[in-house]
1. If I filter the range 73-109 down to residues being in contact with a Lys or Arg (Cβ under 6 Å, 6 or more places away or on another chain) and at pLDDT below 95, which single residue comes out as surrounded by the fewest Cβ atoms within 10 Å (Cβ to Cβ)?
2. For the range 15-49, name all the residues that are without any contact (Cβ under 8 Å) to a residue 12 or more places away in the chain and among the hydrophobic types (A, V, I, L, M, F, W, C).
3. Exactly one condition in (1) of a type outside the set (Phe, Trp, Tyr); (2) closer than 12 Å to Leu105 by Cβ; (3) under 16 Å from the mean Cα position of the chain (by Cα) is not met by Ile79; state its number.
4. Report, by residue number, each residue of the range 12-34 that is modelled with pLDDT under 90 and of a type in the set (Ser, Thr, Tyr).
Amino acid sequence: MVGTESPKKLVSISEARDILSKLDPEQADQIQKRTIDYASKFSKASEDKTIEARQRLMAECELTEAEAIESINVLPKTIAELRVFTSGWKKLLPTDKMEKILGILRKLE
């Protein structure tokens, strides 16, 4: 059916945790329960801080939404760790921009 697909939205693990926390655990299916468990264990920050960091990474560091969310989910701590992701993004970021990204991410810890 054309037009019946729900719109897709990229979310961080923290945002997924907050979305899924609104579900009744008794009504959740097995995949939802596993996802809730995973998100609870691996979310790094509050939803509000995550959203603010994503916006800053996109505006100040010129990352795409997907790149910002990936950075937030993993929280690299060093430039070397961050380079692993930027090479996958096929972007060559100057060191000062990488330091800015890491500075924004440190506020999520």
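The values are calculated or read from the model by the stated rules, or taken from the named source; none is laboratory data. Bear in mind the structure is a predicted one, so any value in this text is a computation, not a measurement. When we count neighbours, we look across all protein chains shown, and the Cβ atoms used for this are built from the backbone with ideal geometry, even at glycine.
1. To start, the set of residues in the range 73-109 that are in contact with a Lys or Arg (Cβ under 6 Å, 6 or more places away or on another chain) comprises 75, 104, 108.
After this cut, where a residue has to be at pLDDT below 95 as well, the list is 75, 108.
Working: Leu75: 15, Leu108: 17.
Applying the filter and picking the extreme gives Leu75.
2. The answer is Ile19, Ala28, Ile31.
3. (3)
4. Ser21
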